[in-house]
1. For region 1-136, just the Cα atoms, rotate onto the principal axes and tell me the three extents in Å, largest first.
2. If you roll a 1.4 angstrom probe over the protein chains with everything in place, what fraction of the accessible area of the chain belongs to carbon and sulfur, to the nearest %?
3. Under the Karplus relation 6.51 cos²θ - 1.76 cosθ + 1.60, θ = phi - 60°, what is the ordered set of whole-Hz ³J(HN,Hα) values for region 31-40, x standing for Gly and Pro?
4. Over all directions, the average projected area of the alpha-carbon convex hull for region 139-260 comes to how many nm²?
5. Looking at the P(r) of region 28-83, how many percent of alpha-carbon pairs lie beyond 19 Å?
6. Compute the distribution of all C-alpha to C-alpha distances in region 1-48, in bins of 5 Å from 0, and list the percent of pairs in each, rounded to whole numbers.
7. Give me the log10 of I(q) over I(0) for the chain at q = 0.08, 0.11 Å⁻¹, as the Debye formula computes it from C-alpha points; what are the numbers?
8. Tell me, what is the percent relative contact order of region 61-189, built from C-alpha pairs under 8 Å that lie six or more residues apart?
Amino acid sequence: MNDLIFDMHVHTKYSCDSSSEMDALCAEAVRKGVRSMCLTDHVDCNCHDDGYGYYDAEGFFRDFSAAREKYTGKLELLCGIEFAEPHLYPERLAEHTRRPYDYVLGAIHFWYQNMFASQLVETGVPVEVCYEHYWNEMLAAVRAGGFDCVAHTDFPKRYYGELRFGAEILREICSEMVRRGICLEINTSTLRKGFSETMPDKAILEVYKACGGRYVTVGSDAHHTGDVAAGWEYAAGLIGGFGFEEVVFRRRAMCRAADV
């Protein structure tokens, strides 16, 4: 691996679905030659979510400060959050973003009938119904704004194993992202879950580019130490193929990765 690897989506023990220690994640990033890594733990405000009330900002920043100091000169360590359904909890979003985060991911985890994606599959909700409601929720989120990047844009694909979208609503979503300066994440987690493509991949990236989208981040969505920077080569190929600019965020400001 080279020294131009950036992973902008990594989870620590401050997410309910991870037990990874910051020090171990940082050591792995250094071992793999990662230049910058952003810790983006879940902030979940839906009371039906397993992560509801789990995130401890004070504890996170205490550990983050220690890790950043320890790895100074070896790794640029950034801090962020993955905030679920930001348009539904604007006051909570505003409360969290008063803290000195570098990066805020917006994600949709719960939608149709207030269910998580795996629950939609388990209860037999048809794929077309799932996606119709998902894209409507995504459009509402990007219209509300308040975050820097859309996480795993076609998230239902991970659970349904297929992608569905209407060209009109996807163009509307991408155009609104471009208008508001919200970038798009290439999330590589599906590659290690048996899929042959990322979230999103070429079909959505083509629409994003056609709508004027230029900027992307790359995130492994690692919840386990060994998954840091996983799949970055594939993501780099997509970025080069589409002519996108990879970016990182510092104190909520977009910076070209090539300049880091």
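The values are calculated or read from the model by the stated rules, or taken from the named source; none is laboratory data. Bear in mind the structure is a predicted one, so any value in this text is a computation, not a measurement. With ideal geometry, Cβ positions are generated from the backbone for all residues, glycine too; neighbour counts draw on all protein chains shown. Note: areas computed on protein heavy atoms with side chains; ligands, DNA, RNA excluded. Shrake-Rupley method; radii C 1.70, N 1.55, O 1.52, S 1.80 Å.
1. Each principal axis gives a Cα extent; for region 1-136 these are 49, 34, 23 Å.
2. Values: 5180 of 10820 Å².
It is 48 percent, rounded to a whole number.
3. Calculated HN-Hα couplings, in order: 4, 8, x, 5, 7, 9, 9, 10, 8, 10 Hz.
4. Details: hull surface 31.0 nm².
The number I arrive at for region 139-260 is 7.7 nm².
5. Working: 592 of 1540 pairs.
So the pairs more than 19 Å apart make up 38 percent of the total in region 28-83.
6. Here the calculated profile for region 1-48 is 5, 21, 26, 20, 14, 7, 4, 2, 1.
7. -0.28, -0.54
8. Working: 148 pairs, mean separation 31.1, N = 129.
This gives 24 percent for region 61-189.
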